[in-house]
Amino acid sequence: MFKYWLSVDDYPQILSKCGNYLFLEVYLGSLILRKTINPVEGLFSRFEASIQLGEIEVILATINGSGLLIGFIAMVLGHILQFHKRLSNLIGIRKYFDLYIILLPLGSLSGSKASILTLEKLNVNRLAIMGQVFYKFCSVTAKNSPVDKHLIQNALTAWSWFWVLLEGLAIWLIFLLISVFFFESHIASKWFLAIIIFYLLPLRLIFQRCISYATAEVNSIIDNKKAKEHVKKKFNEL
């Protein structure tokens with residue numbers, strides 16, 4: 001689970017990468033809370049002391065053992081529940097991207113009979129249609145794909161960074177709310193607010209990169225006669 005930190009080749013690796021950074025962010029966030037808010041320090045210290053394993057108690061307190069445990073739990077739950085997908089569904093990012101950056105351009109450029117009714121059907125059957133006309137070609141395991149494998153990997157890596165930043169933004173926002181709730185120290189709140197602002201710019205830039213890669217993938221599909229006819233046929237069947 002801790003293997004992937006930079007580039008990825010498939011969706012399971014994206015999940016692992018998101019889990020890695022989620023663990024790190026939750027650990028660091030808990031450490032900031034612990035060092036700046038007394039009730040949090042007291043709660044963590046009591047938990048670590050309750051383990052009663054001699055010198056291990058001291059070690060746990062030194063390395064923020066409570067934060068390690070919380071981070072590990074967050075990593076596992078984020079992997080199982082696919083935290084990034086929950087966020088995407090909440091704000092509609094992937095739905096917008098699939099419809100307006102991939103499917104509608106594919107339908108139009110393939111010469112299919114696209115219409116308002118087609119858009120409604122795409123919205124209802126988006127995931128299935130994405131598999132038929134896009135992921136059929138844009139997968140590192142796809143055979144004889146007209147889309148360059150390096151382009152596919154770059155797109156997957158860009159999306160992995162986008163999800164890492166989006167999850168991180170949500171986590172730091174939660175920590176900010178916790179620090180405001182205690183209202184004991186402005187130091188933590190300032191740290192969390194600064195980190196949130198720091199995340200926003202690269203999040204926007206990486207999303208633009210995702211659009212660029214997807215546009216290149218769409219063009220690669222359309223430039224291949226056989227793939228273009230396949231896409232056209234699938235859209236006309238809607």
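Here region 151-238 is treated with +1 on each Lys and Arg Cβ and -1 on each Asp and Glu Cβ, and its dipole about the Cα centre works out to around 440 debye. Subtracting the Cα-Cα distance of Leu151 and Leu87 from their residue separation scaled by 0.36 nm leaves 20.5 nm. Note on Glu41 and Gln208: with the Förster distance fixed at 45 Å, the Cβ-Cβ geometry gives a FRET efficiency of about 0.65. List the lysines whose alpha-carbon lies under 24 Å from that of Lys113, not counting same-chain residues fewer than 8 positions away? Partners found: Lys95, Lys121, Lys136, Lys225, Lys226, Lys228, Lys232, Lys233, Lys234. Dipole magnitude for the chain: computed about the Cα centre from +1 point charges on Lys and Arg Cβ and -1 point charges on Asp and Glu Cβ, it is near 1120 debye. Only one residue of Ala170, His84, Ser112 has its Cα farthest out toward the positive end of the dipole of region 11-236, where Lys and Arg carry +1 and Asp and Glu -1 on Cβ, and that residue is Ser112.
Full extension of the segment from Gln132 to Ile51, taken as 0.36 nm per residue of separation minus the current Cα-Cα distance, would add 23.8 nm.
Seen through its C-alpha gyration tensor, with square-root eigenvalues sorted a ≥ b ≥ c, the chain comes out prolate because a/c lies at 1.5 or above while a/b is bigger than b/c. Counted by Cβ distance under 15 Å from Ile91, the other residues give a net charge of +3, where Lys and Arg count +1 and Asp and Glu count -1. Against the main long axis of the alpha-carbon atoms of the chain, helix 65-81 sits at an angle near 20°.
When you filter the trypsin sites (Lys or Arg not before Pro) in region 81-163 for DSSP loop state and at most 13 other Cβ atoms inside 10 Å of their Cβ, you are left with Lys113, Lys143.
Please give me, ordered by residue number, the chymotrypsin sites (Phe, Trp or Tyr not before Pro) of region 144-196 that lie in loop per DSSP and have at most 12 other Cβ atoms within 10 Å. Listed in order of number, the matching sites are Phe183. When each of the peptides 67-75, 29-37, 202-210 is scored by the mean number of other C-beta atoms lying within 10 Å of its residues, the order from highest to lowest reads 29-37, 67-75, 202-210.
Since every read-out is calculated from the coordinates, none of them should be taken as a lab result. Here the structure is a predicted model, which means the values were calculated and not measured. As a convention, Cβ positions derive from the backbone with ideal geometry for all residues, glycine included, and neighbour counts pool all protein chains shown.
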